[in-house]
Amino acid sequence: MVSFVVYDLTFLVLFSLFVAWFLYKRRGTSGFKREGIIFMYRTQFGIDAINYIGSNFKGTLHFLKYIIIGLGFVLMAAMVWMLGQTVAIYMLFPEITKLIKAPPIAPLIPYFPKLFGMESFFPPFYFTYFIVALAIVAIVHEFSHGIFMKLFKIKIKSTGLVFLGPILGAFVEQDDKSFENKKKVDQMAVLGAGVFANVVFALIFYGLYVAFFFSSFAASGYIFNSYGVAAVPLTNVTGFANHSTGMTEVMTENGTYYLDDGVAIQLVDNNKDYLVVDPEAPAVLAQMRGAIIQANDVKIEGVDKFMEFMNDRNPGDEVRFVTEDVDGVHEYDIALAEHPLNSSRPYLGVVHLVNVPRGAVGRVLGKFMSFKDSSTYYKPTWDGEFVDFILYLFWWVMIINLLVALFNMLPIGMLDGGRFFYLTILGITRSEKAAKRAYKFMGYLILFVFLLLMFMWFIRIV
């Protein structure tokens, strides 16, 4: 069977050729203009729909105005806070660049999880996902700007498409003088309308994601993500050796432990006074990996079924465990050991460590994803590849809408958040001079933060 990547890359090539043909055929026509490396194609497409909604739903739109402005402040504060938190993490935890190779600021391009070695953090990101999500994000964002322009009688000059190679965008072009003559709150509502629409569509696709997940996936295994770690003071370590499994054997005064690839990185950190190690256990020595889907003839649907099976076993029992991961199905014939805390109980040596989200944003996102048990391995109940494709499509449309909403509210000039911030300071100080100074200061500060992050990342990878 041909991999979907082949179809996706073929689509990328054909789509790029279509864009090149489209731009070539429209060169020299009215409405078509090149601005540097960007091509803009101005039309009147969609203006009738914008005028219809902006004229016939005035009550609802006026009600939403202050909700939109409030959401704009929340997103701006969240983005500035996350930017500051990223700086703190890079300064306080330099080992982050050893675990995550991707730069802290990188374009959201197709296949970036594979390109930057982040496949364990993100699902596949095909060009198909990219172009569908981009179209949805751009259209709802700009269409919402246009609706509120119509509401406040701001002249719309054109709508259209913007091209940067095969990357597409959309725009609604207002008459700047007409826009700037409106009240500050009306301008802020127009600026925030796009990100408001992106948040709404992020929630819509979140609902589709959850509904599709429950209708198309079933619990099919127990995910262990650790062998059950222990902390060993370096003063107790008596030596290291290479084990036949490929792990690093750590000999201590209290016994033998192991370092696998995930924790061996600690050896390059000279500031550590202890090591986080794997205790000697059957699963460690067998180098078990993947989700446990079967034990002997028993199907393991989750942690409860796994614990029920283990409670019926004794130390010394031989068990055939079957696991599954992205590389396929694996079988392990393992003799269970005695539990370190109770010699009458069997011991395999696997555990699922729960990653507790940190910070307000992390906790909110954790709540949204809590419908899934993190220790349960879920499999499609029908055509696996197609089900995964649809699920990840919903996920990426949701995430990209959210990311665009957050990024667009950064208080810098080229984004909606730039003038939003300027109007806020102007409203507080009643001074254009103070507003312009604050606007410039914030722009330079954020630019400095971006450069600082990239500098810290660069000096640590070279």
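The values are calculated or read from the model by the stated rules, or taken from the named source; none is laboratory data. All values reported here derive from a predicted model rather than from experimental measurement. In this analysis, Cβ positions are derived from the backbone assuming ideal geometry, glycine residues included, and neighbour counts consider all displayed protein chains. Accessible surface areas use protein heavy atoms only, side chains included; no ligands, DNA or RNA. Shrake-Rupley method; radii C 1.70, N 1.55, O 1.52, S 1.80 Å.
Check whether at least one residue in the range 43-64 is open to solvent by less than 50 Å² (accessible area, probe 1.4 Å), out of contact with any helix residue (DSSP H, G or I) (no Cβ under 7 Å at 6 or more places or on another chain), part of a strand (DSSP E or B) and modelled with pLDDT of 80 or more, and report yes or no.
yes
Just to be sure I understand, how many residues within the range 99-118 are open to solvent by 90 Å² or more (accessible area, probe 1.4 Å) and either of a type in the set (Phe, Trp, Tyr) or modelled with pLDDT under 75 (or both)? Reasoning before the result, please.
Residues of the range 99-118 open to solvent by 90 Å² or more (accessible area, probe 1.4 Å): 99, 101, 114-115.
Checking which are either of a type in the set (Phe, Trp, Tyr) or modelled with pLDDT under 75 (or both) leaves us with 99, 101.
Summing the residues that are open to solvent by 90 Å² or more (accessible area, probe 1.4 Å) and either of a type in the set (Phe, Trp, Tyr) or modelled with pLDDT under 75 (or both) in the range 99-118 gives 2.
Say whether the condition of being open to solvent by 50 Å² or more (accessible area, probe 1.4 Å), closer than 17 Å to residue 370 by Cα, of a type outside the set (Phe, Trp, Tyr) and assigned to a helix (DSSP H, G or I) is met by at least one residue in the range 180-188.
no
Consider only pairs whose beta carbons are under 8 Å apart and that are at least six residues apart or on different chains; among these, list those whose first residue lies in the range 312-334 and is within 22 Å of residue 120 (Cα to Cα) and whose second residue is among the β-branched types (Val, Ile, Thr) and surrounded by fewer than 16 Cβ atoms within 10 Å (Cβ to Cβ).
322/329; 323/329
Among 450, 421, 394, 389, which is the only one that is under 21 Å from residue 186 (Cα atoms) and touching a residue at least 60 places away in the same chain (Cβ under 8 Å)?
Numbers: 450 fails: under 21 Å from residue 186 (Cα atoms); 394 fails: under 21 Å from residue 186 (Cα atoms); 389 fails: under 21 Å from residue 186 (Cα atoms).
Within the list 450, 421, 394, 389, the selection yields 421.
Could you check the range 277-318 and list, in sequence order, the residues that are in contact with a Ser or Thr (Cβ under 7 Å, 6 or more places away or on another chain) and open to solvent by 50 Å² or more (accessible area, probe 1.4 Å)?
Passing the criteria: 280, 285, 287, 289, 301.
Which one of the conditions (1) assigned to a loop (DSSP other than H, G, I, E, B); (2) of a type outside the set (Gly, Ala, Ser); (3) within 30 Å of residue 181 (Cβ to Cβ) does residue 382 fail to meet, given that it meets all the rest?
(3)
Take the range 329-340 and flag every residue that is closer than 13 Å to residue 315 by Cα and either open to solvent by 100 Å² or more (accessible area, probe 1.4 Å) or among the small types (Gly, Ala, Ser) (or both).
335, 337, 338
Give 197, 170, 138, 133 a once-over and let me know the one that is out of contact with any Cys (no Cβ under 8 Å at 6 or more places or on another chain), open to solvent by less than 30 Å² (accessible area, probe 1.4 Å) and modelled with pLDDT of 95 or more.
Going through 197, 170, 138, 133 in turn, just one is out of contact with any Cys (no Cβ under 8 Å at 6 or more places or on another chain), open to solvent by less than 30 Å² (accessible area, probe 1.4 Å) and modelled with pLDDT of 95 or more: 197.
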